[in-house]
Amino acid sequence: MRVRRSELVGQLARMSSIDQYIDRVRGIVNEVRDHGDEALVRLTREFDKVELRGVELSGDELSRLAGQVDPRVKDALEESIRSVEALNGRIKPPDVEDYYMGLRRVVRWVPVRRIGVYVPKGYFSTLVMTGVLARVAGVEEVIVATPPKPDGSVDPELAYLALRINARVFRVGGAQAIAAMAFGTESVPRVDKVVGPGNIYVQAAKVLVSSHVGIDGVEGPTELVTCADPSIKPGLVAADLAAQLEHSGAVGVLVTWSEDYLSRVEAELGKLTNAPYLSTLVNEPRECVDVINEISPEHASIWGSNVPIGEIRNAGAVSHLAPSALVDYVAGPSHVLPTSGSSRWRGVLTPIDFMKPIAYVTPVNSNAAVKLGEQAVVIGLREGFRRHADSIIRWISEQTPSNA
């Protein structure tokens, strides 16, 4: 559907609003919190039409499934892992040590102990884009939840990757899987943080449990804004947009500054998909950046060399002269990206999302530390926190003069 640029943000807000789904999943979340495994079995029977005979896949099951993976697929997955590790190993933050007025200040980056990963059915590459990052960060335990197949199994590729990164796999999907990882059940351990993409119900459940467990954010449904120069072959641009529109509930936006070219891309896109999308015209390339920053999409694709991509501030991942699907599999950045406009304040998933900074403060020079403490007393008294100030005064009185 072609719309005016001024209508874009409003149209997208209506298409991707998560608010109406929160109450729809509340009952499911409460059921799992209150009834544990029994609720998981019942809800899986209701939604997936699968009768579970055990929530967790055993090591033997994982090994048997992993043995079915095509060697070419296995090689591709290993290349994806190497690519993700190479980039994200450089992103992992170092500890910081600093000295100021008699204080030693340290910030240590500490991995969370146990994370939960939601892997949508058939989207096994998500485990590379989450679990590998978690291992780079130093996370001890990775818990994976994914919807079961009709026979109760999971994708062989997911089993292979789980063994590769030493993750446990549970055959539960949907909002019930998020609740199980957030609260724990008889079988599913309670995790410290839940990450991963998923449909609108999965994301609504993540928002609902976010006061009980950490979450990465709202990571779905998929979004792509494609900005194309009229010199680019229309079929190439259409294929890029159609790729992301494969996802259920995906939101696609096509932007260019030539009406004739826009019509040609729309015609090519019509040959590839019947999925709904939005398209609009701008006056010149610079306005493409304005549109992207206003929408704040998950993916942004720039086809052309005259768009100032360095001025893009709000996007999860920017693909320049390359299909956005490259990010989904092998480019190196995680394909777990902020949606629903949240790229205004969040970005691509990195090892930092699996870590937390802890601050340590130790006096190492009494004379200097006392002088700094005296300033703290002034601030505490001015704010009206007498006991704060008193605690520091008492500490100062106990300090032995130092020549250090």
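The values are calculated or read from the model by the stated rules, or taken from the named source; none is laboratory data. This is a predicted model, so every value here is computed, not measured. Glycine gets a Cβ as well: all are built from the backbone with ideal geometry, and neighbour counts include every protein chain shown.
Residue-wise test of (1) crowded, with 24+ Cβ neighbours inside 10 Å; (2) among the acidic types (Asp, Glu); (3) closer than 20 Å to residue 335 by Cβ.
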residue	(1), (2), (3)
184	no, no, no
187	no, no, no
192	no, yes, no
228	yes, no, no
260	no, yes, no
271	no, no, no
279	no, no, no
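Within segment 304-313, does at least one residue satisfy the condition of being under 29 Å from residue 124 (Cβ atoms) and either in contact with a helix residue (DSSP H, G or I) (Cβ under 8 Å, 6 or more places away or on another chain) or surrounded by 23 or more Cβ atoms within 10 Å (Cβ to Cβ) (or both)? Reasoning before the result, please.
Keep residues of segment 304-313 that are under 29 Å from residue 124 (Cβ atoms), which gives none.
Looking through segment 304-313, none of the residues is under 29 Å from residue 124 (Cβ atoms) and either in contact with a helix residue (DSSP H, G or I) (Cβ under 8 Å, 6 or more places away or on another chain) or surrounded by 23 or more Cβ atoms within 10 Å (Cβ to Cβ) (or both).
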* Asked: What pairs come up if the first residue lies in segment 26-42 and is touching a residue at least 12 places away in the same chain (Cβ under 8 Å) and in a helix (DSSP H, G or I), the second is of a type outside the set (Asp, Glu) and surrounded by fewer than 14 Cβ atoms within 10 Å (Cβ to Cβ), and their beta carbons are under 8 Å apart, counting only those six or more places apart or on different chains?
  -> none
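Can you tell me which residue within segment 46-102, out of those that are part of a strand (DSSP E or B) and either aromatic (Phe, Trp, Tyr) or at pLDDT below 95 (or both), is farthest from residue 355 (Cα to Cα)? Walk me through how you get there before you give the answer.
Start the filter on segment 46-102 by keeping residues that are part of a strand (DSSP E or B), which leaves 56, 96-100.
Within this subset, residues satisfying the condition of being either aromatic (Phe, Trp, Tyr) or at pLDDT below 95 (or both) are 99-100.
Working: 99: 24, 100: 26 Å.
Among residues in segment 46-102 that are part of a strand (DSSP E or B) and either aromatic (Phe, Trp, Tyr) or at pLDDT below 95 (or both), the one farthest from residue 355 (Cα to Cα) is 100.
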* Checking residue 101 against (1) surrounded by 14 or more Cβ atoms within 10 Å (Cβ to Cβ); (2) in contact (Cβ under 8 Å) with a residue 24 or more places away in the chain; (3) out of contact with any Lys or Arg (no Cβ under 9 Å at 6 or more places or on another chain); (4) not hydroxyl-bearing (Ser, Thr, Tyr), which test does it fail? -> (3)
* Mind checking which residues of segment 111-158 are assigned to a strand (DSSP E or B) and either closer than 22 Å to residue 244 by Cβ or at pLDDT below 95 (or both)? -> 117, 118
* Asked: touching a Phe, Trp or Tyr at 6+ places or on another chain (Cβ under 6 Å) and farther than 22 Å from residue 349 by Cβ, is that true of residue 311?
  -> no
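Output the residues belonging to segment 243-274 that are in a helix (DSSP H, G or I), farther than 24 Å from residue 21 by Cβ and not hydrophobic (A, V, I, L, M, F, W, C).
259, 260, 261, 263, 264, 266, 268, 270, 271
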* Considering segment 251-281 alone, what residues qualify as being in contact with a helix residue (DSSP H, G or I) (Cβ under 6 Å, 6 or more places away or on another chain) and of a type in the set (Val, Ile, Thr)? -> 251, 255, 256, 265, 273, 280
* **Given (1) surrounded by fewer than 20 Cβ atoms within 10 Å (Cβ to Cβ); (2) assigned to a loop (DSSP other than H, G, I, E, B), number of the condition residue 371 does not satisfy** => (2)
* Identify all residues within segment 206-263 that are closer than 16 Å to residue 320 by Cα and without any contact (Cβ under 8 Å) to a residue 12 or more places away in the chain; write none if there are none. => 233
